[in-house]
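Here is the structure we will look at, set down as structure tokens.
The values are calculated or read from the model by the stated rules, or taken from the named source; none is laboratory data. A quick note: this is a predicted structure, and the numbers were derived from the prediction, not measured. When we count neighbours, we look across all protein chains shown, and the Cβ atoms used for this are built from the backbone with ideal geometry, even at glycine.
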Amino acid sequence: MQRREAPPRSGLRRLRALGGLGSRLGYALGLAKLRGLFAGRARRKALLDAYHAESAQRVLATLGQLKGAIMKLGQIASYVSADLPEAYRSLLAQLQTQAPPVDFAAIRNELERDGPEFG
């Protein structure tokens, strides 16, 4: 699994990450729907399946990076929401057992910045 930078600390940066995720997902869904506009049923299904697979990866990466309450929502959604497509549920279940790791140097920097009692 790929190492991540330290999670965004400010509320504005966390909100920006979530907003960016929503924008990318919306754009990708619109593009998939547009591509399938004149396609047959099987091709439309393939396009939507590909959209969901890619989007689930994006959601996993973003929620894993944000950590905290946002990551907990992803963990809960993986087993509570029966309406969630399987592509999302199976990937979000990874947040329960193997949250994306944070680089040790980033953790050390955060602890040292928080105060001398951690240094």
Taking the condition of being at pLDDT below 80 and surrounded by fewer than 18 Cβ atoms within 10 Å (Cβ to Cβ), how many residues in the range 59-69 meet it?
2
How many residues does the range 78-92 contain that are surrounded by 18 or more Cβ atoms within 10 Å (Cβ to Cβ) and over 13 Å from Ser55 (Cβ atoms)?
1
Please work out if Ala42 is within 15 Å of the chain's Cα centre (by Cα) and modelled with pLDDT of 75 or more.
no
Filtered residue count, the range 56-73, keeping only those that are aliphatic (A, V, I, L, M) and not in a helix (DSSP H, G or I)
0
Whichever residue in the range 96-119 is of a type in the set (A, V, I, L, M, F, W, C) and either outside any strand (DSSP E or B) or exposed (fewer than 10 other Cβ atoms within 10 Å of the Cβ) (or both) and, among such residues, is modelled with the lowest pLDDT
Phe118
